[in-house]
1. Residue 586's amide H: which non-local residues (gap 5+, or another chain) put their own amide H closer than 5 Å, with H modeled 1.01 Å from N in plane and none for Pro or chain starts?
2. As I understand it, the value is the acute angle between the Cα axis of helix 566-582 and the longest principal axis of the Cα atoms of the chain; what does it come to in degrees, rounded to 10?
3. Taking H as built 1.01 Å from N, whose amide H comes closer than 5 Å to the amide H of residue 89, not counting residues under 5 places away?
4. Would you mind giving the three semi-axes, in whole Å and largest first, of the ellipsoid equivalent to the range 438-599 according to its Cα gyration tensor?
5. About the Cα centre of the chain, how large is the charge dipole given +1 on each Lys and Arg Cβ and -1 on each Asp and Glu Cβ? Please answer in debye to the nearest 20.
6. Tell me the angle of helix 293-320 to the major Cα principal axis of the chain, expressed in degrees between 0 and 90 and rounded to the nearest ten.
7. If the cut-off is 29 Å between C-alpha atoms, which lysines fall inside it for residue 449, apart from same-chain ones fewer than 8 positions away?
8. What number, in percent, do you get for the relative contact order of the range 170-422 if the mean sequence gap of Cα pairs under 8 Å and at least 6 apart is divided by its residue count?
Amino acid sequence: MLSLCVGMPQALAQSRLVLNDQSATVIPLSGKAEYLSDTSAQLTIQDVLKLSHKFKTTMHTQEMNFGYTDSAIWLKLDLSSEFKTSQNWVLEFQYAYLDDVRFYIVSDQGIETFYSGRDVPVNQWPLASRKPAFPVSFQPGEQSTIYIRGASHAALAMSVNLMTQQAYAKSDTRTLVVLSLYYGMLIALGSYNLLLFIGLRQRIFLLYASFVFTFALAASSMNGIGPLLLWPDVTHASDRVVPTGYSIAATLALMFARRFLNLATFAPRWDKFVLAAIGVWGVCVVATWFTEIPLAFKIMSIQAVLTTVSLLSVGIAAVRLKIPAARIFVLAWALLLVGTSLLAIRNAGLLPSNFFTVYSMQIGSAVEMLLLSFALVAKFNDLKRQKEKAQADLVNTLIEQEKVLETRVAARTAELEQAKSQLEVHVTVDPLTGILNRRGLNKYFEKLKLQTRHEDDAAVVVLIDLDEFKPVNDLYGHEAGDMLLQTLALRMKKQLSDTAGLGRLGGDEFVVLLAGQTVSSIAELEALGETLLAVISEPVTIKPSVRVNVRASIGVSLCQVESHTLSTALRAADAAMYDIKHNGKNGVVVVSESDFPESVTM
């Protein structure tokens, strides 16, 4: 997990995005982040740090969409954390098709860089997600600045959202379910029509199945499913999937329309026009494979527009000529055009983001393919009646495929839940010592509450503060200090039962939590404190031939667990601990909350 610990001078930041406990769970960065266009695409982070004055403020969502450009775009965001506790968020791009995304954290210790995007293998991404995403950790009172560099052969969309982990997990799971259903439907439709071709030997079914599969493959690459799941270790070689895939799909769409509408019989002039277009589109397919990637994308975009216009024109002409199924054909392609248009308008920031605008292309293409599939079934209804047995076999195959799809969706959902559980465990553990962090201690204290049977059930709170830690840290360095903390944490853990909760509040402070039922007397608590003090006082080897001794002040308190939070439960132990420090340090004091009533008031 990334921890932003960058303190940038106030003079370098025009404004800061302030985050606190009342902040929205999803924050679009348009209007908050600043951007810089690197026309040479050669600037390094060191160069950019010298050009802070040249960054421009973004005001609207459409300003984050830079279209087809050879430039690299840099984003700069100043942040200020007013959270009361450590928070873990995620910085997520809203557009999946980005070739090279670099995330920089600049600190006094140097520059740390993280990579994502299609040019980077999935196993090197900070988060394995459809879209470039980076985990970010905020500490109370922290001020930080981040830099992001983006570049792409396709349209460069730098829309970024900053969101909580819960919002990110919910959004990512919902999107994966929707996309799984969408691609499952495409696979089912394509397989169904392929089986129809095998059973009926009608080439139109093969054309339609090829169109569906090619469109699905290109779409999966465009929205990040392909690079994430299908070819995670392939980078540059997959750049051709989108332009060439969509170009082939456009060519197949023209070939399908020609046979579906039977233009050679009902509209010979239009048939010649479509045949000529198919020839030109074949050349475009070859061009998208062999030309430079940016040019291939431009060819693909022109093909997409001209294909839709041509098919709608042919369809309208077919309706006027009263060609069978022409109305369904026009309706199907009109729905796809509406869906893609809504998505484009939404990406430009002119429409709000909701279920229908975000997934408009998927909805439009799904309905379009369903309508065309139904039209094909109606067109060859007589042939299917003659082969009822073959049709029954095909239906059974489709049902089996749907069951397989449901199984895969369920398995993927289970994997996501497991990953979520693992992430939850990760954020409750102190990365340095491997014991609980403050969040983990809070969860453990709440667990003690759930285990109480009576209102007066007690909890044991042990607060441990190392007395000579800072001199060790200053004299031998942070690495030695880290080794000392790790060693002491391991020693204390060995002295505690499996039911005890050992955690690190931060710095050189440790906490032990126990259920009151596990101890029988004050003497037993004193013995526990003395045991911990003894193992802490033993020498620790921090470097070859270098051994150090530290002491500790240990405050032990009993409190009614039902009427406290962890913060209030610590107050009595904290007061006892400071009483030791004021009287010479290196000792153990056991108190109950009644000994310090002013310290435990809720």
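1. For residue 586, the qualifying residues are 552, 553.
2. Between helix and principal axis, roughly 40 degrees.
3. The list, which skips near neighbours in sequence, is 136, 137, 138.
4. Values: eigenvalues 159, 51, 38 Å².
Whole-Å semi-axes of the equivalent ellipsoid: 28, 16, 14.
5. Numbers: 52 positive and 54 negative charges, 770 e Å.
Using only the charged Cβ atoms, the result is roughly 3700 debye.
6. The angle comes out at about 50 degrees.
7. Cα-Cα hits under 29 Å: 84, 170, 420, 493, 494.
8. Working: 235 pairs, mean separation 49.2, N = 253.
So the answer I get is 19 percent.
FYI, it's all coordinate maths here, none of it is from the lab. Being a predicted model, the structure only gives us computed values, none of them experimental. Don't worry about glycine lacking a Cβ; one is built from the backbone with ideal geometry, like all the others, and counts go over all protein chains shown.
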